[in-house]
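Note sheet for the following structure.
The values are calculated or read from the model by the stated rules, or taken from the named source; none is laboratory data. This is a predicted model, so every value here is computed, not measured. In this analysis, Cβ positions are derived from the backbone assuming ideal geometry, glycine residues included, and neighbour counts consider all displayed protein chains.
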Amino acid sequence: MARHRTSQDDLETVINYLSDSLLESDSALSAETRDLGLDPEQEGERTRDVLRGACQALEFANRRLCILGHAVDSNWEYRRGEYHNTCANCGADVSFSVVTHASKGAALQTGCSASRRYTATGRGASRG
């Protein structure tokens, strides 16, 4: 039985293409890499790891936001080494670092106060 492609498969394809094409498309960059005593294939793999980490951090933040009922668009703003966004419903902030892969912000701590999908109850919260 054939396995269906997932968005994760598509993302992995893009990551591989980007990291491979970085060194292959620019012979000067490849030559510089070798002149520095680095292996272009290893640098390509390192680039893949950085891209994977960033994608995983973004995916985690988006999944958590969705669970909590927040709605953020895909236009994350890059500032000082972090990507930032806000919930379109309640304005709660969220950010993640590409370097540390850490996510933070009020939107990750509590449910969206303006969302119909998330309502607070006596002892806790549940999605409605």
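Structure data summary
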read-out	value
Count of residues meeting criterion [under 19 Å from G69 (Cβ atoms) and either in a loop (DSSP other than H, G, I, E, B) or in contact with a Cys (Cβ under 6 Å, 6 or more places away or on another chain) (or both)] in segment 94-106	1
Some residue of segment 42-59 being touching a strand residue (DSSP E or B) at 6+ places or on another chain (Cβ under 7 Å), at pLDDT below 85 and surrounded by 13 or more Cβ atoms within 10 Å (Cβ to Cβ)	yes
Every residue from segment 68-83 that is within 19 Å of A114 (Cβ to Cβ) and surrounded by 13 or more Cβ atoms within 10 Å (Cβ to Cβ)	L68, G69, H70, A71, V72
Contacts under 7 angstrom Cβ, first residue in segment 31-59 being over 23 Å from A102 (Cβ atoms), partner of a type in the set (D, E, K, R) and assigned to a helix (DSSP H, G or I), 6 or more apart	T33/E43; P40/R34; G44/D20
Only listed residue being touching a Leu at 6+ places or on another chain (Cβ under 8 Å) and at pLDDT 85 or above, chosen from A107, A114	A107
The listed residue being closer than 18 Å to K104 by Cβ, out of contact with any helix residue (DSSP H, G or I) (no Cβ under 8 Å at 6 or more places or on another chain) and assigned to a loop (DSSP other than H, G, I, E, B), out of G37, G91, G53, G69	G91
